[in-house]
Amino acid sequence: DVEVSAGNPPFGDSKNHRYKNDIAYAYALEIVSGDTNADGSEKGTFRPDENLNRAALAKIATLAIELL
């Protein structure tokens, strides 16, 4: 029952996504981050329609639980 205000994620591939507000909210809470290059710099992509692997899901769940 969390209301998410309108937001604009910093990822180019998510700006028009149907869950863009949720992505922006999760990013603002530092629950999710975008893809990174080999040197650690951000690529500016999020890939919102790709499947998550187990490690990514575990990280997101852990960070979200810490906010409770």
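Measuring r between the beta carbons of residue 16 and residue 58 and using R0 = 35 Å, the FRET efficiency lands at 0.75.
Over the chain, what percent of the accessible surface lies on carbon and sulfur atoms, probe 1.4 Å?
Percent of accessible area from carbon and sulfur atoms in the chain: 50.
Just to confirm, what accessible area per residue do you get for the range 4-61 at 1.4 Å probe, in whole Å²?
72 Å²
Here the sum of -39500 (n - 2.57) over DSSP H runs of 4 or more residues, divided by the residues of the chain, equals -10000 deg cm²/dmol at 222 nm, to the nearest 500. Taking label positions 7 Å along the Cα-Cβ direction at both residue 50 and residue 28, the computed distance is 2.5 nm, reported to one decimal. Pair-distance distribution P(r) for the chain, from all Cα-Cα distances in 10 Å bins starting at 0: 20, 51, 27, 1 percent. Note: relative contact order over the chain, using C-alpha pairs below 8 Å and six or more positions apart, is 28 percent. If the segment from residue 37 to residue 65 were pulled out straight at 0.36 nm per residue, it would be longer than the present Cα-Cα gap by 7.3 nm.
The values are calculated or read from the model by the stated rules, or taken from the named source; none is laboratory data. If you're wondering where the values come from, they're calculated on a predicted model, not measured in any experiment. Cβ atoms come from the backbone with ideal geometry, glycine included; neighbour counts cover every protein chain shown. In case anyone asks, the SASA skips ligands and DNA or RNA and just uses the protein heavy atoms, side chains included. Shrake-Rupley method; radii C 1.70, N 1.55, O 1.52, S 1.80 Å.
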